[in-house]
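The values are calculated or read from the model by the stated rules, or taken from the named source; none is laboratory data. In this text the structure is predicted, and so the values were computed from the model without any measurement. A quick note on method: Cβ atoms are made from the backbone with ideal geometry, for glycine too, and the neighbour counts reach across all protein chains shown.
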C-alpha cells in the first residue's frame, strides 16, 4: 500500500514537473517574439525615410488606439484585432493586411481616413465602424502612428509563435487539472458498493 502511494506521488510529481517545464519553455519564446517585434529597421530604409513628421496627430496616442491600450471614443474594436503593424509582443491579427507600410504606399494611404473607415468600404470593417465611428482626432493620431511605422521594417509574422504558446499552455493546463482531479472519482466512491464492484470485476480484474 505504501509502495503504491509512493508510485502515485512520484507520477504526480513527474506530471507537475512536465507542466511547469512547458510553461517555463513558453517564456523564452515570448521574449524572442518581443525582441523581433521591436527590431530596428535596416540603415538604408531609415536613411530613405523623411526627416520629420508630416501628420498633425500624436503617434504615441495612435499606437495606443491601434493596440487597444486606449479605447476608441465610440467603442470600436482596436485595429490590432485584425491587423498587424510591427507592435505588440505577438504582433497582431491576420484577418486584415499588415499595415506597417500603408502610409508610405500612395495607393493605400487613402484608406487611413475617417470617410473610408466609417463609410462601410470594407465588408468586414463596414458593419462595425459604420455604427461605431472613429473621430477625426483619432484618425489623425492613427495616421501619425502609421507615418512613424512606415519608417520601420515589416516585422515577421508571429502566428507560429502564438500557436506554439497556445498549444503548450493548453497541454500544461490539462496536466495540472489531471493532477488535481485524478483522485476525485476514486475518493468519492471509496468504500461504496460501486467501489467493491469495480475492484472485483473492473479495473483490477477481480483481484
Filtered residues of region 112-133 (kept if in contact with a helix residue (DSSP H, G or I) (Cβ under 6 Å, 6 or more places away or on another chain) and assigned to a helix (DSSP H, G or I)): 114, 117, 118, 129
Given (1) assigned to a helix (DSSP H, G or I); (2) modelled with pLDDT under 90; (3) in the same structural domain as residue 73 (by TED's automatic domain parsing), index of the condition residue 196 fails: (3)
Any hit, region 165-179, residues being closer than 30 Å to residue 80 by Cβ, at pLDDT below 80 and surrounded by fewer than 14 Cβ atoms within 10 Å (Cβ to Cβ): yes
Unmet criterion (only one of (1) buried (at least 16 other Cβ atoms within 10 Å of the Cβ); (2) outside the structural domain of residue 76 (by TED's automatic domain parsing); (3) at pLDDT 85 or above) for residue 99: (2)
Given (1) part of a loop (DSSP other than H, G, I, E, B); (2) more than 14 Å from the chain's Cα centre (by Cα); (3) at pLDDT 90 or above, index of the condition residue 83 fails: (2)
Residue in region 120-128 that is within 24 Å of residue 56 (Cβ to Cβ) and modelled with pLDDT of 90 or more present: no
